[in-house]
Amino acid sequence: TVNDLNTENNASSVTSTKLGFVSVKTTGPATVVAGLVFDYVLTVTNGQTQAVAVPTVAELMPANMHAMSVTGANCGAMPSAAGALLKCTLPATIPAGGSASFTILTRADTPGSVTNYASTSPSGSTTPGTPGSNCTQTAYSCTSVKTEVTPAPAVQIKKSFRPPSIPVNGTSLLRITIDNSTSTSWLREVKLSDTMPDNVLLTGTQGQNTCGGTLTASSD
């Protein structure tokens, strides 16, 4: 059993395995942003002395998440419905003592604290059991990973020239404002790129903000 190794990140991962049997483990980010995609990686390990011919994993998506696509396994038609129970078959035999992984590209729809569950047969059969909080760990290899889905930042970006008209060889001040005042999420290490038109030269940068922190800008 692998328990929480970082008690400060508000996430945990527990995997039940049996020595000498087939097991599955799920990994994923502790925190994601609603509306954006991220990866869950599932790894099947064959602890048996013989190969597993048809590695099969049952994957239970959280209620607020869709599986957008899968790499390394066949989990049915994509994208899946939110909260779908997927039966994923890996394409190749796993030799004794070997392992194989597949990746599920996932989209979180709404904020909240959720858990992804998966299970597989410890004998390597094509019946992987039913993953979830009541997964029968005496009969199956069960795994879970907790994910915190945070609200998407409501960021606004505004630009203006002062004066708005620039004569040839003249100058104007380009003001770029990044506004996060209506969001419930912090912005950290924000990066913004702005490309000048071919006939406009940037002569220098200066910055100020109302929330602390520092601004670094290049003038190339």
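The values are calculated or read from the model by the stated rules, or taken from the named source; none is laboratory data. Nothing here was measured: the structure is a model prediction, and the numbers come from that model. Virtual Cβ from ideal backbone geometry, glycine too; neighbours counted across all protein chains shown. Accessible surface is based on the protein model in full, side chains and every heavy atom, while ligands, DNA and RNA are left aside. Shrake-Rupley method; radii C 1.70, N 1.55, O 1.52, S 1.80 Å.
Could you grab me the full set of residues in the range 85-118 that are among the small types (Gly, Ala, Ser) and open to solvent by 20 Å² or more (accessible area, probe 1.4 Å)?
Ala92, Ala96, Gly97, Ser99, Ala100, Ser101, Gly112, Ser113
Where residues in the range 150-166 are closer than 19 Å to Glu189 by Cα and among the hydrophobic types (A, V, I, L, M, F, W, C), which of them is least open to solvent (accessible area, probe 1.4 Å)?
My answer is Ala154.
Across the range 145-162, what is the total count of residues that are within 20 Å of the chain's Cα centre (by Cα) and at pLDDT below 90?
Total meeting the criteria: 5.
Please go through the range 130-145 and give me each residue that is in a loop (DSSP other than H, G, I, E, B), surrounded by 14 or more Cβ atoms within 10 Å (Cβ to Cβ) and β-branched (Val, Ile, Thr), ordered by number.
Thr130
Any idea which residue in the range 55-76 is nearest to Ser101 (Cα to Cα), counting only those that are surrounded by fewer than 18 Cβ atoms within 10 Å (Cβ to Cβ) and either touching a Cys at 6+ places or on another chain (Cβ under 9 Å) or modelled with pLDDT of 95 or more (or both)?
Going through the qualifying residues, I end up with Gly72.
All but one of (1) in a strand (DSSP E or B); (2) farther than 24 Å from Val149 by Cα hold for Phe38; which doesn't?
Result: Phe38 fails condition (2) only.
Taking the conditions exactly as written (without any contact (Cβ under 8 Å) to a residue 40 or more places away in the chain and on the phi < 0 side of the Ramachandran plot), does Gln156 satisfy them or not?
Considered against the rule, which asks whether it is without any contact (Cβ under 8 Å) to a residue 40 or more places away in the chain and on the phi < 0 side of the Ramachandran plot, Gln156 comes out as yes.
Kindly evaluate Thr127 against the criterion of being assigned to a strand (DSSP E or B), β-branched (Val, Ile, Thr) and modelled with pLDDT of 90 or more.
Considered against the rule, which asks whether it is assigned to a strand (DSSP E or B), β-branched (Val, Ile, Thr) and modelled with pLDDT of 90 or more, Thr127 comes out as no.
Go through the range 149-186 residue by residue and tally those that are part of a strand (DSSP E or B) and in contact with a Gly (Cβ under 8 Å, 6 or more places away or on another chain).
So the count comes out to 1.
Could you list, in sequence order, all residues of the range 138-186 that are within 30 Å of Pro111 (Cβ to Cβ), in contact with a strand residue (DSSP E or B) (Cβ under 7 Å, 6 or more places away or on another chain) and hydroxyl-bearing (Ser, Thr, Tyr)?
Passing the criteria: Thr143, Ser144, Thr147, Thr150, Thr177, Ser185.
Within the range 76-104, can you find the residues that are under 25 Å from Asn134 (Cα atoms) and in a strand (DSSP E or B)?
Leu85, Leu86, Lys87, Cys88, Thr89, Ser101, Phe102, Thr103, Ile104, listed by residue number.
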